[in-house]
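Structure, as structure tokens:
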Amino acid sequence: MNARPPSTDAAPAPRDAATVRKEAVGWYARLCSGSTTEADRAAWRQWQAAHPDHRRAWQRIEAMRATLLQVPANIAAPALRLTAQARSRRQALRGMALLASTGTLGYVAWRGASEHGFARPLLAEHRTGIGQQREVQLADGSLMVLDTATAVDVRFTATARVVQLWAGAVLIETAHQRQLQRQQAVDPRPFMVQTAQGSVTALGTRFTVRQVDGPLAGQPGGYTEVAVLEHAVAIRTADRQAVLLRAGQQARFTSTGVEAPQPVADYAGQWRSGHLLVNDRSLAEVLEELSRYRHGRLGCDPAVANLRISGVFPLTDTDRALVLLIRTFPLRQRSITRYWVTLGPR
């Protein structure tokens with residue numbers, strides 16, 4: 001029996017969804033630019049026909065047109081100009097995607113934020129929403145874990161490996177130790193996490209960095225909190241002060257100084273497991289941490305703010321965490337809505 005020839009109708013392998021989405025947004029930006037040529041339109045049609053994923057991505061773009069048609073011409077044109085002036089194609093595509101998904105009000109907010117630098121978290125390469133966590137394997141083999149409401153950009157060059165932390169917190173496990181165990185050449189480029197207040201350079205393998213918006217010791221402008229779980233890191237503030245932080249230590253720093261190192265908190269890095277480990281912490285501290293993983297306001301009555309709490313509470317289900325608190329301690333929950341919750345004395 002003669003073998004049947006291979007089918008030529010086999011479905012093509014699926015393409016990376018993020019790549020296709022960016023291409024579709026890029027085509028939309030080009031077709032809306034006002035300077036589209038017939039050759040551009042022919043290339044766009046050819047792109048659509050090249051893969052089923054392309055057609056599906058363009059159908060999603062078409063589905064957004066009802067929103068986009070609400071954007072007046074005098075706003076849409078500046079949006080395209082800002083997109084063209086973006087520092088990279090990646091930023092340009094993110095800007096167009098944000099405009100496409102939020103309409104006029106979203107664009108106005110984005111435009112004002114971009115001019116003041118506040119849009120950088122929105123345009124970051126890696127992001128998580130409130131209550132989300134995400135693992136990212138970096139090009140050098142290092143692992144980066146993003147905590148709730150986190151935004152980072154990664155920039156590897158010939159001389160440095162840089163993680164820019166715009167908001168939230170990350171846990172870093174550098175490839176250094178694994179390279180030593182496998183007798184591989186250790187990457188000589190310094191690995192650092194940059195924040196608004198300075199930088200944290202890895203001298204080992206495992207540490208956390210968190211960007212906090214609130215003031216520290218009366219100084220406005222936010223601060224950075226670092227906890228070293230293995231080996232050591234070097235902190236360097238924006239005004240060039242340098243401090244070595246070793247395993248088991250944590251510290252907070254502003255652009256002008258570093259607080260004295262303290263023992264690592266019980267819950268440092270534990271968020272990666274989806275749980276908050278608490279040992280003799282005040283209720284106010286516990287609720288402040290839980291509030292990072294839920295929408296709305298979560299607070300407590302001053303009468304119970306200093307109640308000492310110990311236990312393990314789920315971060316992936318903060319409603320359940322509140323139930324555990326109420327069942328275990330003399331507390332009562334008062335809710336205006338699920339987005340405005342206060343714990344008080346029972």
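The values are calculated or read from the model by the stated rules, or taken from the named source; none is laboratory data. Worth saying up front: this structure is predicted, and the values here are computed from it rather than measured. When we count neighbours, we look across all protein chains shown, and the Cβ atoms used for this are built from the backbone with ideal geometry, even at glycine. Surface areas here come from the heavy atoms of the whole protein model, side chains and all, with no ligands, DNA or RNA. Shrake-Rupley method; radii C 1.70, N 1.55, O 1.52, S 1.80 Å.
Quick look at the values:
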{"read-out": "Cα pair distances of region 248-317 binned at 5 Å [whole percent]", "value": "3, 15, 20, 22, 20, 13, 6, 0"}
{"read-out": "Square roots of five times the Cα gyration tensor eigenvalues for region 177-309, Å", "value": "30, 19, 13"}
{"read-out": "Residue-normalised accessible area of region 281-329, given per residue in Å² at a 1.4 Å probe", "value": "49"}
{"read-out": "Simple spin-label estimate for residue 301 and residue 272 in nanometres, 7 Å along Cα-Cβ", "value": "4.0"}
{"read-out": "Summed residue charge, Cβ within 10 Å of residue 168's Cβ, Lys/Arg positive, Asp/Glu negative", "value": "+2"}
{"read-out": "Where trypsin sites (Lys or Arg not before Pro) fall in DSSP loop in region 188-281, at most 12 other Cβ within 10 Å", "value": "240"}
{"read-out": "Relative contact order (%) - criterion: Cα under 8 Å, at least six apart; region: region 299-346", "value": "43"}
{"read-out": "Probe 1.4 Å, protein heavy atoms only - accessible area per residue of region 216-255 in square angstrom", "value": "48"}
